[in-house]
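Shown next, in C-alpha cells, is the structure this report addresses.
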Amino acid sequence: MTAASFLEPRDRVATGRAAATLLVVGGLVTFGFEVYAVAVGREHNSWMTLGVTGVVLVLMTWLAVVFWYRATTMPAGAFLGTAFGGIALIVVVALVTLDPSAAAQIGFVYPVVGAATYLRPPAAWTVVGGVVVGDAVIVFSLLDPVAAAADLAVMTSAAVVLTIMLTRSGAYQQQLLDRLHELATVDALTGLVTRREMEEVAARVLSAHRAVPAPGVGLLILDVDRFKILNDTFGHPAGDAALEHLASLLHDVLRPGDTVARMGGDEIAALLPGIDRDALAHRAEAVRSTVRANPLPHPAGELALSVSVGAAHTATVGADFHELYAAADAALYRAKVAGRDRVEVAGGAVDGPGRPGPVIVRTVR
C-alpha cells in the first residue's frame with residue numbers, strides 16, 4: 001500500500017462531514033466540561049483554562065467548516081492529522097487541568113470511532129496507537145503506576161475492540177458497495193460495461209480530447225445481423241451465446257484502453273480514444289471481418305454470424321457524445337439498408353438530438 005492510499009479516506013465527502021461533526025461536538029463537550037468545572041469550583045480549573053478552551057472551540061468550529069466544504073480538495077494527510085490533533089488536545093487539556101478521570105479520557109473515543117469508520121484500516125490502527133500513547137502520557141503523569149496501568153489497559157482494550165468491530169463492518173459495507181457498483185456498471189450477460197458507464201467514460205474521454213484534440217476519438221456502434229431470426233430459430237439461449245461470443249471477439253480485436261458497452265438488446269458500442277479517422281475505419285473493418293471469420297459454436301453446428309458497424313469520429317462530428325452517437329447510429333442504419341455485414345463511417349454533422357444531417361459515408365470492404 002502506498003503512502004497516498006494509506007492516507008486517503010474511503011469517501012472524502014462523508015469523511016469530511018463526519019470530521020466536521022466530531023470537531024464541533026468534541027469542542028462543545030470540552031468547553032462544556034470546563035464551564036461545569038469552573039462553576040463548581042474545581043481546584044485546577046479557572047477562568048483562564050475556560051478562556052483557553054473557548055478559543056479551542058472557536059478554532060475547532062472553523063476547522064469543521066473547512067472540512068465540511070473543502071473535503072474534496074484537502075490534502076489526504078489532513079484527515080489523519082486531525083485525528084492526531086484531537087488526541088494531542090485531549091492530552092494537553094488533561095495535563096493542564098490535572099484531570100486523569102474517565103470523563104477526561106473518554107474524549108479518546110472520538111478519534112478512534114472516526115478513524116475506524118471513515119479511514120482505511122492501517123490509518124485507523126495508527127490512530128489507536130496514538131490514543132494508547134496519549135492516554136499513557138496522561139495516566140502515568142497524574143496517577144500512581146498501578147492505577148495508571150489499569151486505566152491504560154481499559155482504554156487500550158476499548159480502542160482495540162471498537163476498531164476491530166468498525167473496520168470489519170466497514171469492510172463488509174465496502175464489499176456491498178463494490179457489488180452494487182458492479183451491478184450498475186457491468187452487464188451481467190456479456191461482461192461489457194453498461195450504457196450508463198459508457199456515457200460517464202465518454203464524458204471524461206471527450207473532456208480530455210477538447211484539451212488535446214489530436215488524434216481524436218472514435219465511436220463504433222454495431223449489432224448482430226438478423227438477430228431476431230437467430231433467436232426465433234435457435235431460441236434465446238443461442239442469442240445470449242451470440243452476444244457473449246461477440247463480446248469475447250471484441251476484446252480480442254479492440255485495444256485495452258477502448259471501452260466496450262452493451263447499450264441494450266444486441267446493440268454494442270465501442271469508444272476508441274486516441275485514434276484518427278482512417279485507423280478507426282480499419283479497426284471497424286477488423287471487427288466486422290473477425291466476427292465473420294469466427295462462427296458461433298452450437299449443438300446444431302457452427303452458426304455463421306455477421307455484424308453491421310456504424311462509425312463516427314470527432315474530427316468530422318464533434319466532441320459531444322450524443323452527437324457522436326447519433327452520427328454512428330445513422331451510419332449503422334445505412335449499413336443495414338445497404339445489405340448488412342458492412343462498415344459505414346459517418347463524415348458529416350448532426351443537426352439536432354438524434355437527427356442526422358448530411359452524412360458522408362465511406363464503405364470499407
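The values are calculated or read from the model by the stated rules, or taken from the named source; none is laboratory data. Computed from a prediction, not measured in an experiment: that's the story for all the values here. A quick note on method: Cβ atoms are made from the backbone with ideal geometry, for glycine too, and the neighbour counts reach across all protein chains shown. Areas reflect the complete protein model, heavy atoms only, side chains present, ligands, DNA and RNA absent. Shrake-Rupley method; radii C 1.70, N 1.55, O 1.52, S 1.80 Å.
Some points to look at:
- For the stretch 203-246, a tally of residues being closer than 19 Å to Leu192 by Cα, in contact (Cβ under 8 Å) with a residue 12 or more places away in the chain and assigned to a helix (DSSP H, G or I) returns 12.
- Restricting the stretch 51-66 to residues that are touching a Gly at 6+ places or on another chain (Cβ under 9 Å) and modelled with pLDDT under 85, the residue that is farthest from Phe31 (Cα to Cα) is Leu63.
- Considering Ala124, Ala147, the condition of being out of contact with any Asp or Glu (no Cβ under 7 Å at 6 or more places or on another chain), crowded, with 17+ Cβ neighbours inside 10 Å and without any contact (Cβ under 8 Å) to a residue 60 or more places away in the chain is satisfied by Ala124 alone.
- Just one of the listed residues (Val55, Val113) is open to solvent by 70 Å² or more (accessible area, probe 1.4 Å) and part of a helix (DSSP H, G or I), and it is Val55.
- If you check Leu249, Leu192, Leu271, Leu220 for being within 18 Å of Ala304 (Cβ to Cβ), in contact with a helix residue (DSSP H, G or I) (Cβ under 6 Å, 6 or more places away or on another chain), of a type in the set (A, V, I, L, M) and surrounded by 12 or more Cβ atoms within 10 Å (Cβ to Cβ), only one passes: Leu249.
- Filtering Leu63, Leu95, Leu28 for residues that are without any contact (Cβ under 8 Å) to a residue 60 or more places away in the chain, buried (at least 18 other Cβ atoms within 10 Å of the Cβ), in a helix (DSSP H, G or I) and not β-branched (Val, Ile, Thr) leaves a single hit, Leu63.
- Residue within the stretch 74-92 that is under 26 Å from the mean Cα position of the chain (by Cα) and farther than 23 Å from Leu166 by Cα present: yes
- Of the residues screened, Gly16 is one that is at pLDDT 75 or above and touching a helix residue (DSSP H, G or I) at 6+ places or on another chain (Cβ under 6 Å).
- Odd one out for Ile164, checked against (1) within 30 Å of Gly54 (Cα to Cα); (2) free of Cβ contacts under 8 Å to residues at least 60 places away in the same chain: (1)
- Boolean, Tyr36 is of a type in the set (Ser, Thr, Tyr) and over 34 Å from the mean Cα position of the chain (by Cα): yes
- Count of the stretch 172-188 residues which are surrounded by 13 or more Cβ atoms within 10 Å (Cβ to Cβ) and either of a type in the set (A, V, I, L, M) or free of Cβ contacts under 8 Å to residues at least 12 places away in the same chain (or both): 1
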